[in-house]
Amino acid sequence: MPLDKGDGPPGGTRETSRQLSREQLFVLISAASINLGSMMCYSILGPFFPKEAEKKGASNTVTGMIFGCYALFDLLASLVFGKYLVHIGAKFMFVAGMFVSGGVTVLFGVLDQVPEGPVFTAMCFLVRIADAVSFAAAITASFSILAKAFPNSVATVLGSLEIFSGLGLVLGPPLGGFLYQSFGYEVPFIFLGCIVLLMVPLNMYILPNYDSDPGEHSFWKLITLPKIALIAFVINSLSSCFGFLDPTLSLFVLEKFNLPAGYVGLVFLGLALSYAISSPLFGLLSDKIPHLRKWFLVLGNIITAGCYMLLGPIPVLHIQSQLWLLVLILVLNGVSAGMSIIPTFPEILSCAYENGFEEGLSTLGLVSGLFSAMWSVGAFIGPTLGGFLYEKIGFEWAAAVQGLWALTSGLAMGLFYLWEHAQRRRSKLQNILGTEEEQTALLPDEI
């Protein structure tokens, strides 16, 4: 069935059959390409860039800031692009973001030709910031287009596409490391950048163009809704948990288990694969049984908190740290992350519609931008705080502190849902009592 390209309600576009329309298939291909390409470009830096930066005179602190500025500018750009999605155009934003992302990835490959010192550092910051802005544009547009094309199965589609995000994160570091060892610094970036650039004409041709009118609502009205503010806190905590592992887990594994450097990436594999595999399942359940979303959110956060308490494990538990236990906990963490992350987008969307936001691309842009921005906040805080705590109190206690954040957000969300349920029951009871009183008042007249 052809999709309505106007600004009608999402519910107006019914997926009457299980078979995908041509436009829906094209949207899926486009979204999968940006998820895979952007995650590979994002994760390729890890194995070898810090060493190259050190050769150019950049300190560990500066290298960390080069990594950290990505999340900060992704946050700012997501809010801007979410607000002006309708003005810019979703398709143009998607294609332009992909084009710039591919271009700056290629540019990163020639930074070894730049003179060492402040010039190298400044160019690294500029290229990394441009990459963050382009990624924010493409992902914000991608979320909005997906929600427009699949109004009745947003969580299923987003969950399924996390397979490609997981693949990008899994394939990026080993592929980058192999190309770096075989051909030198330039080739990994130029190779991946060219692949992303080749996707641009494909997406220009196949991606549908959805038009819409600008809305009257703002990010401020969206984020000041109590339920959405709490969900944003949940997104922060989960993103921070992922980010925490980047600067800390590899060091802990190398110190504790004396593993060869090449095997450290395999430890991360358990987390990425379990997340990618479980996400489609939780997406499907979130769409088929919508009332389960809230409990996925709460339970997923609590399980995540438990995982971080056991990662070290925390010394008060008196459990000996073992490699098999660490890998098992990371696999469980991947499942719990899928359980709690996937329902957040549809939960924010349904809450926005319940509170008077118009149904169309304008609201989808705000929700997409908010989700990306809140994820970026956690992606910035997680590695920054994690690195600091690791130095001060060690991995075991640092992981426990991180788990405490997830536990707090999960319990806060659970308490809110219980309060919301009680309010709805009270309102329903008052309506029933009011109806009975009206009927009683009318009885004498009827007699």
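Structure above, values below:
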| read-out | value |
| --- | --- |
| Area of LEU171 that stays accessible when all protein chains are in place (1.4 Å probe, Å², to 10) | 80 Å² |
| Exposure of LYS55 as accessible area (Å², to 10), given a probe of 1.4 Å and all protein chains | 130 Å² |
| For the chain: accessible area per residue (Å², 1.4 Å) | 45 Å² |
| Over the stretch 320-418, equivalent-ellipsoid semi-axes from the Cα gyration tensor in Å | 32, 16, 13 |
| Contact order normalised by residue count of the chain, Cα under 8 Å, 6+ apart, percent | 26 percent |
| Whole-number percent relative contact order across the stretch 299-382, with pairs defined as alpha carbons under 8 Å at least 6 apart | 29 percent |
| The stretch 241-302 - convex hull of alpha carbons, volume per residue in Å³ | 87 Å³ |
| Only Lys, Arg (+1) and Asp, Glu (-1) charged, at Cβ; the chain dipole about Cα centre in debye | 700 debye |
| Selected from ALA90, ALA422, ALA136 as most flexible by GNM, with the chain as the system and alpha-carbon contacts under 10 Å | ALA422 |
| Whole-number percent relative contact order across the stretch 159-303, with pairs defined as alpha carbons under 8 Å at least 6 apart | 50 percent |
| The chain - percent of accessible surface contributed by carbon and sulfur, probe 1.4 Å | 68 percent |
| Of LYS294/LYS392; LYS221/LYS392; LYS51/LYS392, pairs whose Cα-Cα distance is over 31 Å | LYS294/LYS392; LYS221/LYS392 |
| Computed over the chain, Kirkwood Rh from alpha-carbon pairs, angstrom | 23.0 Å |
| Candidate lysines - alpha carbon under 23 Å from LYS91, same-chain residues fewer than 8 apart omitted | LYS5, LYS83, LYS148 |
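The values are calculated or read from the model by the stated rules, or taken from the named source; none is laboratory data. Just so you know, these numbers come straight off a predicted model, no measurement behind them. Cβ: placed from backbone, ideal geometry, glycine included. Neighbour counts: every protein chain shown. Ligands, DNA and RNA are stripped out before the accessible areas are found, and what is left, the full protein with its side chains, is counted by its heavy atoms. Shrake-Rupley method; radii C 1.70, N 1.55, O 1.52, S 1.80 Å.
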